[in-house]
Amino acid sequence: MTATAHALVGGAIAASVQNPALGIVIATASHPLLDIIPHWDFGRGWRNKSKQLFFVEGVFDITLGLTLSYLLFGRGVNPLYFFAVIFASLFFDLAQLPYWFLGWKFPPFSWVYKIQSKMQGRAALPWGIVTQVV
């Protein structure tokens, strides 16, 4: 899933679940569940992209996700809680950053990468975006 999709789900969870401990756990668990759904994301083909392009795409994706999440769900929610839940919803992708950008191919980064890679439901464009919108 794109970071935007994960952030939107995290924002919806933060707006719907009042208990911070429960909201953070649900948001963290939502990530691998969403990744099972066939989808497209910016990480697809990351080895064939320059690190600069991959970084710019990632920053765009996260910025869009945070902005849309806040506009749709952020009002009336404690900002610290809101962004903690969104961070939790993005945690598994964020945990791969050292693997992707610093070449840290050792645990726990390699474990997260291997698990995430096996769980990805892959779909080509445009259907890979349609599944996320739905």
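Here is the figure for the range 116-134: residues that are assigned to a helix (DSSP H, G or I), in contact (Cβ under 8 Å) with a residue 24 or more places away in the chain and open to solvent by 50 Å² or more (accessible area, probe 1.4 Å) total 4. Taking the conditions (1) under 19 Å from residue 1 (Cα atoms); (2) modelled with pLDDT under 95 in turn, residue 75 satisfies each one other than (1). Annotation: of all residues in the range 6-31 being β-branched (Val, Ile, Thr) and open to solvent by less than 60 Å² (accessible area, probe 1.4 Å), the one that is farthest from the chain's Cα centre (by Cα) is 17. A single entry from 98, 126, 108 fulfils the requirement of being over 16 Å from the mean Cα position of the chain (by Cα) and modelled with pLDDT of 95 or more: 108.
Hey, can you tell me all the residues within the range 67-80 that are among the hydroxyl-bearing types (Ser, Thr, Tyr) and open to solvent by less than 80 Å² (accessible area, probe 1.4 Å)? The answer is 67, 69. For residue 34, the criteria (1) within 15 Å of residue 132 (Cβ to Cβ); (2) in contact (Cβ under 8 Å) with a residue 40 or more places away in the chain; (3) surrounded by 15 or more Cβ atoms within 10 Å (Cβ to Cβ) hold in every case but one, which is (2).
Collect the residues in the range 11-52 that are in a loop (DSSP other than H, G, I, E, B) and more than 25 Å from residue 99 (Cα to Cα), keeping them in residue-number order. Selection gives 17, 18, 19.
Condition check ((1) at pLDDT 95 or above; (2) under 29 Å from residue 107 (Cα atoms)) across all residues:
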{"position": "19", "(1), (2)": "yes, no"}
{"position": "42", "(1), (2)": "no, yes"}
{"position": "46", "(1), (2)": "no, yes"}
{"position": "67", "(1), (2)": "yes, no"}
{"position": "87", "(1), (2)": "yes, yes"}
{"position": "92", "(1), (2)": "yes, yes"}
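Pick from the range 81-115 the residues that are β-branched (Val, Ile, Thr) and open to solvent by less than 60 Å² (accessible area, probe 1.4 Å): which of them is nearest to residue 70 (Cα to Cα)? If we take residues in the range 81-115 being β-branched (Val, Ile, Thr) and open to solvent by less than 60 Å² (accessible area, probe 1.4 Å), then 86 is nearest to residue 70 (Cα to Cα). Name the single residue, out of those in the range 37-66 being among the polar types (S, T, N, Q) and open to solvent by 70 Å² or more (accessible area, probe 1.4 Å), that is farthest from residue 11 (Cα to Cα). Out of the qualifying residues, it is 48. Scoring residue 83 on the criteria (1) in contact with a strand residue (DSSP E or B) (Cβ under 6 Å, 6 or more places away or on another chain); (2) at pLDDT 90 or above leaves a single failure, condition (1). In summary, residue 3 fulfils each of the numbered conditions (1) closer than 21 Å to residue 128 by Cβ; (2) over 16 Å from the mean Cα position of the chain (by Cα) with the single exception of condition (2).
The values are calculated or read from the model by the stated rules, or taken from the named source; none is laboratory data. All figures in this text were calculated on a predicted structure; none of them were measured in a lab. Note that each Cβ is placed from the backbone with ideal geometry, even for glycine, and that neighbours are counted across all protein chains shown. Heads up: the accessible areas ignore ligands, DNA and RNA and are worked out on the full protein's heavy atoms, side chains in. Shrake-Rupley method; radii C 1.70, N 1.55, O 1.52, S 1.80 Å.
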